[in-house]
Amino acid sequence: MSYITIRDFGEDEFIEKKSEFIGYAKRCESEEEAKAFIAEIKNKHKQATHNCWAYVIGENMVVQRYSDDGEPQGTAGIPILEVMKKSNVTDCAIVVTRYYGGILLGAGGLTRTYTKGASI
């Protein structure tokens, strides 16, 4: 059976209401690789307000994990995961880093922004 994954690594950044968002995606063929990638990004952005993430591993998307990393529940990790699921992408980890800019985005704004950050 065939499946979709990413070639290697991608990165993009944008500003939303003065908050800086940086999206990272990396091909990861195991949960250990995904966890190591997430730790690497968290270490790179120690001063970030949030490093929200999700990953999907396995041909049938058998491993699915996510974290809102302090954002309101369901506004970051799940939207990142949904981007991968809707695109049928597996063996991939995505981290979206946020540097808070002083303006609250609200639940809907956060969901849209993390979805955008994951769509790199």
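Please treat every number below as a calculation from the coordinates, not as lab data. Here the structure is a predicted model, which is why all the values come from computation and not from measurement. Virtual Cβ from ideal backbone geometry, glycine too; neighbours counted across all protein chains shown.
Summary table below
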| quantity | calculated |
| --- | --- |
| Whole-Hz ³J(HN,Hα) from phi, Karplus 6.51 cos²θ - 1.76 cosθ + 1.60, for the range 49-55, glycine and proline x | 5, 8, 10, 8, 8, 7, 8 |
| Semi-axis lengths, Å, the chain, gyration tensor of Cα atoms, sqrt of 5 times eigenvalues | 23, 14, 12 |
| Amide H contacts of CYS28 (H built 1.01 Å from N, under 5 Å, at least 5 apart or other chain) | CYS92, ALA93 |
| Helix-only [θ]222 nm of the chain, DSSP H runs n ≥ 4, -39500 (n - 2.57) each, per residue, nearest 500 | -9500 deg cm²/dmol |
| Distant-in-sequence amide H partners of SER19 (H built 1.01 Å from N, under 5 Å) | GLY101 |
| Size of electric dipole in the range 1-115: Cβ of Lys, Arg +1 and of Asp, Glu -1, about Cα centre, debye, nearest 20 | 300 debye |
| Whole-Hz ³J(HN,Hα) from phi, Karplus 6.51 cos²θ - 1.76 cosθ + 1.60, for the range 56-69, glycine and proline x | 10, 10, x, 4, 9, 6, 6, 10, 9, 9, 7, 8, 7, 6 |
| GLU13 long-range amide H proximity, modeled H, under 5 Å | GLY23 |
| Phi to ³J(HN,Hα) by Karplus 6.51 cos²θ - 1.76 cosθ + 1.60 over the range 34-42, Hz, x for Gly, Pro | 4, 4, 5, 5, 4, 4, 4, 5, 4 |
| Gain on full stretching of the segment that runs from SER87 to LYS17 - 0.36 nm per residue minus C-alpha separation | 22.5 nm |
| Separation of alpha-carbon centers, the range 48-120 and the range 1-16, rounded to whole Å | 12 Å |
